[in-house]
1. Roughly speaking, what is the stretch gain from H193 to D61, that is 0.36 nm per residue apart minus the C-alpha to C-alpha distance, in nm to one decimal?
2. Among 103-114, 121-132, 267-278, how do they line up by average Cβ neighbours within 10 Å per residue, starting with the highest?
3. A 24 angstrom limit on the alpha carbon distance is what I want to check against. Which of K170/K264; K301/K322; K172/K256; K157/K218 exceed it?
4. For N310 and K322, compute 0.36 nm times the residue count separating them, minus their Cα-Cα distance, and round to one decimal in nm.
5. Take every Cα pair under 8 Å in the range 3-95 that's 6+ residues apart, average their separations, divide by the length, and report that relative contact order as a whole percent.
6. When ranked by the protection proxy of mean other Cβ atoms within 10 Å per residue, highest first, what sequence do the peptides 340-346, 301-307 form?
7. Sorted by average packing, counted as other Cβ atoms within 10 angstrom per residue and highest first, what order do 148-156, 58-66 take?
8. Once you put a point 7 Å from the Cα of Q181 and another 7 Å from the Cα of L23, both along the Cβ direction, what distance in nm separates them?
Amino acid sequence: MEDTLATRLAEIESVFEETEAALADPATLSDPALLAELGKRHADLRDVVADVRRLRQARADLEVAKEMDEDPEMASLARELATEIDQIEDRVTLALVPTDPSDAKDVIVEIRSAAGGDEAAIWAGDLLRMYQRYADRSGLEVEPMDSSPSEAGGFDKVTVAIKGRGAYSKMKYEAGVHRVQRVPRTESQGRIHTSTATVAVLPEVEELEVEIDPNDLKVDVYRSTGPGGQSVNTTDSAVRLTHIPTSQVVTVQDEKSQLQNKEKALRILRARLYQIELERQQSELAGARRSQVGSGERAEKIRTYNFKENRVTDHRIGLTLKRLDQVLDGDLEEFVTALSADEQAARLAEGR
């Protein structure tokens with residue numbers, strides 16, 4: 001292994017040992033915040049440090065085995081050790097690839113109907129159910145945030161929060177345009193229609209991470225309405241927040257309490273502002289801003305769901321699964337695993 005990598009591994013082991021010593025310090029027990037921080041750091045480093053120590057021992061054993069390679073058993077042992085060392089080095093190298101700092105965060109998912117009229121709204125509702133079922137499979141919790149139901153069924157827009165360990169790391173690959181090809185329920189001629197919905201996945205952030213100056217906010221309140229403008233609330237409980245510096249507008253009307261709606265709107269706004277700042281930083285690094293969602297046009301897509309052929313294709317990695325029914329039932333794990341591996345490989349290639 002390269003000297004620089006060996007140095008990094010030694011530094012990681014040193015930090016791990018310092019963390020263990022700090023956890024054993026009685027003073028730590030009286031500081032819950034510090035205890036939680038040290039416990040997380042210990043858990044994050046434990047496996048890679050175990051690999052580092054096993055790697056060191058395996059390399060020492062290999063040197064001994066090579067000195068005695070005239071013995072068939074030792075020669076066989078040397079081959080086994082060499083294979084094990086390669087495997088450990090691969091694991092350690094991957095472990096050292098910087099993870100997305102947002103991976104452990106909860107997320108806010110915004111789904112909007114795009115091209116396709118009523119069928120696009122119905123498709124947005126189907127995507128929401130898919131994510132609800134995926135969250136159930138993954139041990140995540142779904143919290144409704146806001147919705148604008150469509151008269152034909154589904155949603156013009158729907159927003160939910162998905163909470164749990166690693167929620168962003170599981171959901172972030174869903175951001176983009178999702179295209180569906182199927183015969184709509186309203187189609188009498190049996191013709192296949194193509195529709196799209198856009199999905200934005202925003203890491204949820206705490207107030208301390210994104211501070212919003214109250215003077216930068218325009219707050220409007222109004223009565224909640226249902227499909228077609230039907231009034232569903234007799235009080236001014238719906239809230240519209242406008243962030244003046246960025247022109248971001250967030251509306252929430254699902255709760256009966258104006259205060260609850262405002263709190264949810266602020267959570268969504270913080271997530272959007274955090275995403276804007278992340279994209280600005282990434283733009284400076286990459287030289288070009290890449291939007292998660294795009295315009296929603298049919299030609300822009302990250303994934304296509306074809307009902308007639310019972311297939312789902314992820315265009316980013318060229319992966320096609322012939323089990324659309326299971327995917328729509330929340331079985332997204334094969335896509336998530338493949339996209340995660342692709343992201344890791346890209347980061348390794350960039351030398352990050």
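Quick note: the coordinates plus some simple rules give every number you see, no bench work behind them. Since the model is a prediction, treat every value here as computed from it, not as a measurement. Here the Cβ is made from the backbone with ideal geometry for all residues, glycine too, and neighbour counts use every protein chain on show.
1. Numbers: separation 132, 0.36 × 132 = 47.52 nm, distance 6.38 nm.
Contour length minus Cα-Cα distance gives 41.1 nm.
2. Working: 103-114: 22.9, 121-132: 21.4, 267-278: 19.9.
Output ranking for 103-114, 121-132, 267-278: 103-114, 121-132, 267-278.
3. On the way: K170/K264 22 Å; K301/K322 18 Å; K172/K256 31 Å; K157/K218 22 Å.
Result: K172/K256 exceed 24 Å.
4. Numbers: separation 12, 0.36 × 12 = 4.32 nm, distance 0.56 nm.
Length gained, N310 through K322: 3.8 nm.
5. Values: 52 pairs, mean separation 21.7, N = 93.
Dividing the mean separation by the residue count of the range 3-95 yields 23 percent.
6. Details: 340-346: 14.0, 301-307: 19.6.
With the highest mean Cβ count within 10 Å placed first, the list reads 301-307, 340-346.
7. Values: 148-156: 18.6, 58-66: 15.1.
Ranking, from highest mean packing down: 148-156, 58-66.
8. 5.2 nm
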